[in-house]
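*Asks:* Right, I'll just put the structure down here and ask away after.
The values are calculated or read from the model by the stated rules, or taken from the named source; none is laboratory data. Every value quoted in this text rests on a predicted model; they were computed, and no experiment measured them. Positions of Cβ are generated from backbone atoms using ideal geometry, with glycine treated the same way; all protein chains shown enter the neighbour counts.
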Amino acid sequence: MATLQLYKVKKSFGKKEVLKEVSFNVETGEILGIFGRNGCGKSTLLKMLFGTLKASEIDLHLDGVSVNPLKLIPKKKIAYLPQHSFLPRNSKVRDIIPIYFPSQEKQDRIFYDSQIALISSKKVSELSIGQLRYFQVLLIGNLDSGFLLFDEPFSMIDPLYKVKISELLIQLQQHKGIIITDHYYEDVLNITTKNIILKDGVSHSISSKDDLIRMKYISKTIY
């Protein structure tokens, strides 16, 4: 079992301080949900953890040892799925898989997935949003990285693929530590083991819809 611990992170863009005091920990076998309104810094936080965006200040530990986020990627400790597709639109699904997984065993694991079998001959540009998102989650989830970051995996997809992605994330949870952000709070709460919400640059632990109402993330009328 491994543990990723964020004791403190801060991020400012010019004079605007987006993140002031954000902390959490997640272990392999856990799914951490991160909530917050648009502009609160959710995507910014994931990018800083992945090392593609420099933090103003960060205190990150892996198994109790202080680490630089940039060093986690070469050591295959962390992987990241951004909001927008990163796959070449004119490439076919079957041609992309070997690029990510040179070994035949890993390739077979992807190719023989029931959902991928249906789309393997299609180009990325021909996939529905749900098909594309599922394929991306499957690719990232099968990398060797022990910790996975998913930015809005449920956004704008149909109910079938919400279910399929939820099932996939729960399966990955058995041997990975997962951090997920999404505005579809019910889908997130259904699979997470712990949750935080970002408000005014500070993280707060939450556990239910009632907490989301209390923090004014959702209204009582929606609930």
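*Asks:* Return the residue satisfying two criteria in turn: it lies in segment 62-78 and is assigned to a loop (DSSP other than H, G, I, E, B) and of a type in the set (A, V, I, L, M, F, W, C), and of such residues it is surrounded by the fewest Cβ atoms within 10 Å (Cβ to Cβ). Write out each step before concluding.
*Replies:* The initial filter retains those residues of segment 62-78 that are assigned to a loop (DSSP other than H, G, I, E, B), namely 63-64, 68, 72-77.
Subsequent filtering for residues that are of a type in the set (A, V, I, L, M, F, W, C) retains 72-73.
Details: Leu72: 21, Ile73: 15.
The selected residue is Ile73.
*Asks:* Name the helices (runs of 4 or more DSSP H) wholly inside segment 79-193 in which the number of residues that are within 25 Å of Leu49 (Cα to Cα) and modelled with pLDDT of 95 or more is 1 or more. Spell out how you get there, then give the answer.
*Replies:* Numbers: elements: 93-100, 104-111, 129-141, 159-173, 185-189.
It comes to 129-141, 159-173, 185-189.
*Asks:* On to the next question. Would you confirm whether any residue within segment 14-26 is of a type outside the set (Gly, Ala, Ser), out of contact with any strand residue (DSSP E or B) (no Cβ under 8 Å at 6 or more places or on another chain) and part of a loop (DSSP other than H, G, I, E, B)? Step through it out loud before you land on a result.
*Replies:* Of segment 14-26, the ones of a type outside the set (Gly, Ala, Ser) are 15-22, 24-26.
Filter once more, so that each one left must be out of contact with any strand residue (DSSP E or B) (no Cβ under 8 Å at 6 or more places or on another chain): 15-16.
With part of a loop (DSSP other than H, G, I, E, B) added as a condition, the list becomes 15.
The answer is yes, given that some residue of segment 14-26 is of a type outside the set (Gly, Ala, Ser), out of contact with any strand residue (DSSP E or B) (no Cβ under 8 Å at 6 or more places or on another chain) and part of a loop (DSSP other than H, G, I, E, B).
*Asks:* Just the residues that are part of a helix (DSSP H, G or I) and touching a residue at least 40 places away in the same chain (Cβ under 8 Å), please, taken from segment 194-223. Walk me through how you get there before you give the answer.
*Replies:* Going through segment 194-223, the residues part of a helix (DSSP H, G or I) turn out to be 209-214.
Hit for segment 194-223 is Leu212, nothing else.
*Asks:* Counting only residues that are among the hydroxyl-bearing types (Ser, Thr, Tyr) and either out of contact with any strand residue (DSSP E or B) (no Cβ under 9 Å at 6 or more places or on another chain) or on the phi > 0 side of the Ramachandran plot (or both), which one in segment 194-223 is modelled with the lowest pLDDT? Spell out how you get there, then give the answer.
*Replies:* First, the residues of segment 194-223 that are among the hydroxyl-bearing types (Ser, Thr, Tyr): 203, 205, 207-208, 217, 219, 221, 223.
Still in the running and either out of contact with any strand residue (DSSP E or B) (no Cβ under 9 Å at 6 or more places or on another chain) or on the phi > 0 side of the Ramachandran plot (or both): 219, 221, 223.
Details: Ser219: 84, Thr221: 65, Tyr223: 48.
This residue is Tyr223.
*Asks:* Out of (1) exposed (fewer than 14 other Cβ atoms within 10 Å of the Cβ); (2) closer than 14 Å to Ala79 by Cβ, what's the single condition that is false for Met156?
*Replies:* (2)
*Asks:* Take Asp59 and tell me if it is surrounded by fewer than 20 Cβ atoms within 10 Å (Cβ to Cβ), farther than 30 Å from Asp211 by Cβ and either acidic (Asp, Glu) or modelled with pLDDT of 95 or more (or both). I'd like the intermediate steps shown before the answer.
*Replies:* Working: surrounded by fewer than 20 Cβ atoms within 10 Å (Cβ to Cβ): yes; farther than 30 Å from Asp211 by Cβ: no; either acidic (Asp, Glu) or modelled with pLDDT of 95 or more (or both): yes.
In short, no.
*Asks:* Would you tally the residues in segment 94-111 being aromatic (Phe, Trp, Tyr) and touching a residue at least 24 places away in the same chain (Cβ under 8 Å)?
*Replies:* The first filter runs over segment 94-111 and keeps only residues aromatic (Phe, Trp, Tyr), leaving 100-101, 111.
So of that shortlist, the ones also touching a residue at least 24 places away in the same chain (Cβ under 8 Å) come out as 100-101.
Here the count works out to 2.
*Asks:* Which of the following residues is surrounded by fewer than 14 Cβ atoms within 10 Å (Cβ to Cβ) and of a type in the set (Gly, Ala, Ser): Ser85, Ser125, Ser120? So that I can check it myself, show each step before the final result.
*Replies:* On the way: Ser85 fails: surrounded by fewer than 14 Cβ atoms within 10 Å (Cβ to Cβ); Ser120 fails: surrounded by fewer than 14 Cβ atoms within 10 Å (Cβ to Cβ).
It is Ser125.
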